[in-house]
Amino acid sequence: MKVKYFGKVEIFMVVMSALFLFISAMISKDIFNDSIRTHNNNWMAVRGNSYIRINYIDPKPLATDIDGTNLYLAGYWLSDSLTDYFVLQADPNSEDTKKLLKNSDQLTDQPQRVLGSRNGSKKNEKIIEVVKKTSKSQDLPREISLYFEKEDYFSTSDLENPVWNFAQAVLFTLIFYSFFAALPNIYIFIRYYKAKKARSTFFETYPELMEDLENIVGNTTYLDQTAGLAIYKDHLIAFSQNFAIVDLRRMKSLEISGRGNQLVYGAPGLLLLTYLLRAATILVKGESKKDKQILMAHHSLDKPEAKDRLVTAIGAYSAAIAVRIR
């Protein structure tokens, strides 16, 4: 025998909590996956950083000194025969930009691979205005106008921060998890706290046991190790599921049922759960209506002989305790 903080129901709740955590992580992954990963091509359809192969750039800037960067008309291979055109935000002093401008007349045959992000880490409205103005320009060749990105731009100077995006994903996961797993987590905490408190109270009341439940063997007036119940001096002990004790001196009535029927008094949502997990319950009532406690026992307590033994033991302790069997 040993003190258990988690019984079948508590373990089930832990599994449910873990499942909610997994679901929360999967939802976060779907939302933030693009912003955490580095993609190849197709930058306008994803968040996060992407590599593209630029096959066209006009060395003459569309605008200069936009937050220390220049804007260029550029293009990249959308397919083997189709070029997609867009506004490129780039640092004119970076090596990649210098190389692009230097080799602008060779990019058709030798595209240059660059890393950037759609609209940067945060959309710049000044650049968006340039994008819209350029898309409406009469000077824009028809070939470029037909395949021009009219709402977004590509930035090689203002990249997404994958670490920050990952941190956001973790935070979202925790918020989502804490909301949906609140009930099982609260239940787990309460049951663990009560079992811990019951253990402390029991061994403080009976120091001769030296904090070892095995020491009650041979000193009990009732012991059913299969059902996980015992009467030691003035306490009824449940130890097959999570540990719980009841002071028999304060007990007025006791109701025994199989597979969780009495949980309707204290936690109706767990009725089906305890039935499926094959746990018997004992509802203990004290003097006041609020003085109620539910003990979980092994389903072997369903057997008539097991119930009779418990009823006899309770009656032997005190005839004043009303016992009811359901």
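The values are calculated or read from the model by the stated rules, or taken from the named source; none is laboratory data. The shown structure was predicted, so the numbers you read here are calculated from the model rather than taken from an experiment. All Cβ positions, even for glycine, are placed from backbone atoms using ideal geometry, and neighbour counts span all protein chains on display.
Structure summary
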quantity: One residue from Gln110, Gln89 being loosely packed, with under 15 Cβ neighbours inside 10 Å and in the same structural domain as Ile57 (by the TED database); calculated: Gln110
quantity: Breaking point among (1) touching a Pro at 6+ places or on another chain (Cβ under 8 Å); (2) of a type outside the set (S, T, N, Q); (3) part of a loop (DSSP other than H, G, I, E, B), for Asp109; calculated: (1)
quantity: Ser79 being out of contact with any Phe, Trp or Tyr (no Cβ under 7 Å at 6 or more places or on another chain), without any contact (Cβ under 8 Å) to a residue 12 or more places away in the chain and part of a loop (DSSP other than H, G, I, E, B); calculated: yes
quantity: Some residue of segment 117-138 being under 16 Å from Arg53 (Cα atoms), surrounded by 12 or more Cβ atoms within 10 Å (Cβ to Cβ) and of a type outside the set (D, E, K, R); calculated: yes
quantity: Of residues in segment 1-51 being closer than 21 Å to Ala297 by Cβ and at pLDDT below 85, the one surrounded by the most Cβ atoms within 10 Å (Cβ to Cβ); calculated: Gly7
quantity: Members of segment 186-208 found to be surrounded by fewer than 18 Cβ atoms within 10 Å (Cβ to Cβ) and touching a residue at least 12 places away in the same chain (Cβ under 8 Å), listed by number; calculated: Tyr192, Lys194, Lys196, Thr201, Thr205, Tyr206
quantity: Unique residue being of a type in the set (Gly, Ala, Ser), closer than 16 Å to Ser240 by Cα and at pLDDT below 85 when the list is Ala279, Ala267, Ala306, Ala297; calculated: Ala279
quantity: Every residue from segment 48-79 that is under 43 Å from the mean Cα position of the chain (by Cα) and charged (D, E, K, R); calculated: Arg53, Asp67
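Residues checked against (1) without any contact (Cβ under 8 Å) to a residue 24 or more places away in the chain; (2) aliphatic (A, V, I, L, M); (3) in contact with a Gly (Cβ under 8 Å, 6 or more places away or on another chain):
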| residue | (1), (2), (3) |
| --- | --- |
| Lys136 | yes, no, no |
| Lys150 | yes, no, no |
| Ser157 | no, no, yes |
| Pro162 | no, no, yes |
| Ile175 | yes, yes, no |
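The rows are residues; the columns are (1) surrounded by fewer than 19 Cβ atoms within 10 Å (Cβ to Cβ); (2) in contact (Cβ under 8 Å) with a residue 24 or more places away in the chain; (3) on the phi > 0 side of the Ramachandran plot.
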{"position": "Val284", "(1), (2), (3)": "no, yes, no"}
{"position": "Lys289", "(1), (2), (3)": "yes, no, no"}
{"position": "Leu295", "(1), (2), (3)": "no, yes, no"}
{"position": "Leu301", "(1), (2), (3)": "no, yes, no"}
{"position": "Arg309", "(1), (2), (3)": "yes, yes, no"}
{"position": "Tyr317", "(1), (2), (3)": "yes, yes, no"}
{"position": "Val323", "(1), (2), (3)": "yes, yes, no"}
